[in-house]
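Take a look at the structure below.
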Amino acid sequence: MTKLRTRTAGAIAAASLLILAGCGDDSSDSPSPSTTSAVVASSSTTTSASASSAQPSAPATTMPESTTTEPTTTTTTTTTTTTTTEETTTPEALAPPVPSEGELQGKLQSALNGSANELESGDASSITVVRDRIALLPGYSWSVGGPVSVSGDVLSATLQSCLGQCFPIPLTWKNVDGTWKLSQESQNELVGYAQMAGNY
């Protein structure tokens, strides 16, 4: 039985050699081009893969960020302030000329005669009593004297009331619309003196 197996194996081996020998007669011993190319390509791929595996990867290159600096434009605004000076007209600027002592005496006489235009109050009904009392006093006289002074819109002078001797009475005039007029205070004072004189 063993001999039979051995012979069978030998026959198979001999048949295999004959097949290989027949193939060798049809072509040359060199491998076919396609086989060579495949081998070369496989070798190249293997070599490239090995080289790729062996070569360390290059570090990633980070491109620097481009920074653009824009020029700064500074605009200076010049503010021009115009100051307007307004001229203010004060009472002094409108004040009429300062009258003399004689002119003031004439203005007072007109007021005693009932001229409302010479009075700050514009009412001459009460001051006429002064004129009436003077007319009843024999030997009585009066005059307007200085010094004449002006302070703002007020003019000051002195009335000399004389009956045997002179008694000074301060009087004031007010600047009313550019005209010196006997003040309300002086008008009341003269009326008061006249009423006192009527009691005797």
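Tell me whether segment 133-144 contains one or more residues that are more than 20 Å from Q184 (Cβ to Cβ), in contact with an Asp or Glu (Cβ under 9 Å, 6 or more places away or on another chain) and not acidic (D, E).
Checked segment 133-144: at least one residue is more than 20 Å from Q184 (Cβ to Cβ), in contact with an Asp or Glu (Cβ under 9 Å, 6 or more places away or on another chain) and not acidic (D, E).
Within segment 160-192, count every residue that is buried (at least 16 other Cβ atoms within 10 Å of the Cβ), hydroxyl-bearing (S, T, Y) and touching a residue at least 40 places away in the same chain (Cβ under 8 Å).
Total meeting the criteria: 1.
Restricting the search to segment 104-128, which residues are small (G, A, S), surrounded by 14 or more Cβ atoms within 10 Å (Cβ to Cβ) and in contact (Cβ under 8 Å) with a residue 12 or more places away in the chain?
A111, S121, A124, S126
Listed here are the residues, each with its yes/no results for (1) surrounded by 15 or more Cβ atoms within 10 Å (Cβ to Cβ); (2) among the polar types (S, T, N, Q); (3) within 19 Å of S183 (Cβ to Cβ); (4) touching a strand residue (DSSP E or B) at 6+ places or on another chain (Cβ under 8 Å).
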site: V130; (1), (2), (3), (4): yes, no, yes, no
site: R133; (1), (2), (3), (4): yes, no, no, no
site: L155; (1), (2), (3), (4): yes, no, yes, yes
site: T158; (1), (2), (3), (4): yes, yes, yes, yes
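Read-outs throughout are calculated quantities, based only on the coordinates presented, and are distinct from any laboratory measurement. Nothing here was measured: the structure is a model prediction, and the numbers come from that model. With ideal geometry, Cβ positions are generated from the backbone for all residues, glycine too; neighbour counts draw on all protein chains shown.
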